[in-house]
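Notes to accompany the following structure.
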């Protein structure tokens, strides 16, 4: 995944989002634990509305999340919380690069933000990418919306977790794998 990110980083392009401000929080949520429970989804939306009072929130809505927002009648948001359609990878990559902080429940985004050195707050109790927490910029917030608010505030005040890019996250994993496999194949 990091190989793809490194290869495409220079091709990332700014998406057209009417009213988008220079500073923003980027949000993506789609996991059942966050969006299938109407109480949890309502708390998340209310928290994002509160956060949007101090910084714009850009929230490309995953189809699953959009269905739940409509199903639970939770589509009412403040004017500084921009709900958008999903973006392609190059546009989303640009948004990640330029976000003040990313709030997500996606494993891949945890890795990408670590590589990009962008603070990431993960709305999950655990992660299959522990290196993003141990070395990277990722903080597990779980379902604690009060902590989400506190962590965003801390980041915006300049107290973001300082992370590093893990070893071998250089965009050359595929090349290393090909060289290893090449050495294992018999000459014909």
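Between helix 145-156 and the chain, what is the angle of the helix's C-alpha long axis to the longest principal axis, kept within 0 to 90° and rounded to the nearest 10? Orientation of helix 145-156: about 70 degrees from the principal axis. Global dimensions of the chain from alpha-carbon coordinates: Rg and Dmax equal 17.9, 66 Å. By its C-alpha gyration tensor, with a ≥ b ≥ c as the square roots of the eigenvalues, how is segment 1-74 shaped: rounded for a/c under 1.5, else prolate for a/b larger than b/c, else oblate? Oblate, because a/c is 1.5 or more while a/b does not exceed b/c. For the pair segment 1-39 / segment 129-179, the C-alpha centres are spaced 15 Å from each other. Dividing the Cα radius of gyration of segment 55-153 by its Kirkwood radius returns 0.96 for Rg/Rh. Report, to the nearest 10°, how far helix 173-184 tilts away from the longest principal axis of the Cα atoms in the chain, using its own Cα long axis and a range of 0 to 90°. Helix 173-184 sits roughly 30 degrees off the main axis of the chain.
For the pair residue 157 and residue 33 in one chain, pulling the backbone fully straight at 0.36 nm per residue adds 41.7 nm over the alpha carbon distance. For the chain, the longest principal axis of the C-alpha atoms and the axis of helix 38-51 are separated by about 90°.
Read-outs throughout are calculated quantities, based only on the coordinates presented, and are distinct from any laboratory measurement. All values derive from a computational prediction rather than experimental measurement.
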